[in-house]
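Contents: one structure, followed by commentary.
The values are calculated or read from the model by the stated rules, or taken from the named source; none is laboratory data. This is a predicted model, so every value here is computed, not measured. Cβ atoms come from the backbone with ideal geometry, glycine included; neighbour counts cover every protein chain shown.
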Amino acid sequence: MDFNRLVLKVASRCNLNCSYCFMYNLGDSTFRNQPKFMKESMIPTIIERVANYLKEYPQEVFTFTFHGGEPLLIDKSYFGKFISQAATLKEQFPDTTFDYNIQTNGVLIDEDWAAVLKKWRIFPGVSLDGTKKAHDMYRVDHKENGSYDDVIKGLKLLKRKLGFVSVISVMNIDETAETTYKHLTDISSDYVNFLLPDYTHDSFPYESKAMGNWLIELYDLWIADANRPVIPFLNGLTNAILGSSKSKRHEAHALVIETNGDIEAIDSLKGCGEGFTKTNMNIFTHDFKEIVKLPLGKLYFEDSTEKLCTKCLECPVVDICKGGRLVHRHKQENGFNNPSVYCEDMIMIISHIQNKMMELVPSMYDDSISKMDATEIIDYLNQLDMSDIEETYKKDLEFFSVQPV
């Protein structure tokens, strides 16, 4: 077992009702039995479990992700109390860097929240699915009103107060990649975490190769953009194809804690069915490592990139895609013994990136390239001024100090 990110479901309810949400609208209703908020009294136990884990499995970086539901529904004081108590971990593990981030729908961001995020150095990722038309197709409140206008208002505030905008965007092929990319860059996004929609073989709605064509268009726009944002999805694939030591973060590097303290695998697996992620393990009774005693826990944390179906094992790009995310492999009749629903799409985009790199690499390759990140590699190959990318990474690391709240 080797995870380095703890996802804390500090709120089990949400002020939005997104139609594609795995928490509420893909067949799992167990959130109704969860406390609405994570109690402050749970904090010492969570920290104790983290300490127990790090003693056995040391990590260079360990990240706490505040999540939900919508985490900004909880009282603002919770985050300061958690981080203050978690400071003891740094005393016990001086060689580990502890990071904090939050994934929010952005609707509730205001001056006070910006001040909290800056004070406690919590890195915010805000959900925005492209233009107003694309975003409001799915990301609506409980009265079916779109949330785009409120999200944009929150992003502008974060850009002004923190000097940095990080967007989480679920890919929507109802709008072109060009329209989506242009919009997300026009709002000065520094970091765009594009996500494939979480469908299983029982719910997949797209035509074959539709997402692959969309991804190829996106990649070509990105690689040609001298002021490109960091896109982990594309960075990760390019890194893997070029053999960079900076590999993509895998989903199995995250463990989830529910509002009542239940220990679970990644929450996207809720899309596989009612109660699918439930383990009957809780922070008050179990250490984290005990989850691998369960079949799902073992598959998720130890076998997810090894126990693949025959088609995956025989595929020439399996070392790049690793079989895809677990939820995308699931089918009611045979579990995870399937290729990803995005199998053809991933073969298309991986092959496209390989061909693009073959055009650029031979005349410019040297050993130093294996130590670069994908964004650096592309800049290097395009012979751009490296001062630009250095400034981007500087902002990535130090954006909290840009402007006082």
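What the table shows:
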quantity	calculated
Hey, residue 118 charged (D, E, K, R), surrounded by fewer than 19 Cβ atoms within 10 Å (Cβ to Cβ), in contact (Cβ under 8 Å) with a residue 12 or more places away in the chain and in contact with a helix residue (DSSP H, G or I) (Cβ under 9 Å, 6 or more places away or on another chain) or not	no
Test: residue in the range 33-46 that is closer than 20 Å to residue 254 by Cβ and modelled with pLDDT under 95	yes
First in the range 331-360 and closer than 20 Å to residue 316 by Cα and in contact (Cβ under 8 Å) with a residue 40 or more places away in the chain, second anywhere and assigned to a helix (DSSP H, G or I) and of a type in the set (Lys, Arg), Cβ under 6 Å, 6 or more apart	338/329
Among the residues listed as 89, 54, 26, the single one being under 23 Å from the mean Cα position of the chain (by Cα) and modelled with pLDDT of 95 or more	54
Any hit, the range 85-93, residues being more than 28 Å from residue 147 (Cβ to Cβ), touching a residue at least 24 places away in the same chain (Cβ under 8 Å), of a type in the set (Phe, Trp, Tyr) and assigned to a helix (DSSP H, G or I)	no
Segments classed as helices (runs of 4 or more DSSP H), wholly inside the range 124-214, with at least 2 members that are hydrophobic (A, V, I, L, M, F, W, C), crowded, with 17+ Cβ neighbours inside 10 Å and in contact with a strand residue (DSSP E or B) (Cβ under 7 Å, 6 or more places away or on another chain)	148-162
Answer from 106, 27, 68 - the residue that is touching a residue at least 60 places away in the same chain (Cβ under 8 Å), among the small types (Gly, Ala, Ser) and surrounded by 15 or more Cβ atoms within 10 Å (Cβ to Cβ)	27
Residue 285 at pLDDT 90 or above and either out of contact with any strand residue (DSSP E or B) (no Cβ under 7 Å at 6 or more places or on another chain) or buried (at least 19 other Cβ atoms within 10 Å of the Cβ) (or both)	yes
